[in-house]
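Student: Just passing along the structure, written as structure tokens.
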Amino acid sequence: QVQLVESGGGLVQPGGSLRLSCAARESIKDLYSILSVAWYRQSPGNLREFIAKISHGGVAEYSDSRQDRFIISRDATKAAVHLQMNRLRPEDTAMYYCHLMSTDYWGQGTQVTVSS
């Protein structure tokens, strides 16, 4: 069973916004609350690439190319991590995954399509 669940993907026009969420199943919630959580994305024919990560304490790190458009955040309860994506571009089209760092836990992904 997949232990991380992403949501919030969909079809959006260029320039629009989406907010992705990643939640952990009950069996790993304790682990989820103390480890960093990262977002990655992968488009067809390309390697999975890092977008951002956030520590249990809320310290965020971004890949240089997305720091000005994407914002990662974590609920105060630490039960979910979000990725706010603004000013989306067609090249942002990809499957977006969350990953519990220092583990093998990945979600199944949520599709983001940016198109007019």
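Student: Report, in whole Å, the centroid distance computed from the Cα atoms of the range 5-51 and the range 66-99.
Tutor: 6 Å
Student: OK, next. Taking amide H positions as placed in the peptide plane 1.01 Å from N, state which residues far from Thr93 in sequence (5 or more) or on other chains have amide H under 5 Å from it.
Tutor: It is Val114, by chain and number.
Student: Then there's this: Which semi-axes, in whole Å and largest first, does the equivalent ellipsoid of the chain have when worked out from the alpha carbon gyration tensor as the square roots of 5 times its eigenvalues?
Tutor: That gives 23, 15, 13 Å for the three semi-axes.
Student: For Glu6, Glu49, Glu91, give me the order by solvent-accessible area with a 1.4 Å probe, most accessible first, ignoring ligands, DNA and RNA.
Tutor: Correct descending sequence by accessible area is Glu91, Glu49, Glu6.
Student: Using a 1.4 angstrom probe with every protein chain in place, what is the largest-first accessible-area order of Asp92, Asp30, Asp68?
Tutor: Asp30, Asp68, Asp92
Student: In whole Hz, with x marking every Gly and Pro, tabulate ³J(HN,Hα) for the range 9-20 from phi via Karplus 6.51 cos²θ - 1.76 cosθ + 1.60, θ = phi - 60°.
Tutor: x, x, 9, 9, 7, x, x, x, 10, 9, 10, 8
Student: Explain nothing, just compute: Karplus ³J(HN,Hα) = 6.51 cos²θ - 1.76 cosθ + 1.60, θ = phi - 60°, for every residue of the range 51-62 in order, whole Hz, x for Gly and Pro.
Tutor: Per-residue couplings from phi come out as 10, 6, 9, 9, 7, 5, x, x, 7, 9, 9, 10 Hz.
Student: Then there's this: Counting alpha carbon pairs within less than 8 Å and at least 6 residues apart, what relative contact order, in whole percent, applies to the chain?
Tutor: Here the relative contact order equals 37 percent.
Student: Now for a different question. Please find, in a Gaussian network model of the chain (springs between Cα atoms separated by less than 10 Å), the residue of His56, His82, His99 whose mean-square fluctuation is greatest.
Tutor: Among His56, His82, His99, the largest GNM mean-square fluctuation belongs to His56.
Student: May I pose another question? Report, to one decimal in Å, the Kirkwood hydrodynamic radius for the range 14-65 based on all distinct Cα pairs.
Tutor: Averaging 1/r across every pair of different Cα atoms and inverting gives 13.0 Å.
The values are calculated or read from the model by the stated rules, or taken from the named source; none is laboratory data. Bear in mind that the values here come from a model prediction, so they are computed numbers and not experimental data. All accessible areas refer to the heavy atoms of the entire protein, side chains included, with ligands and DNA or RNA removed. Shrake-Rupley method; radii C 1.70, N 1.55, O 1.52, S 1.80 Å.
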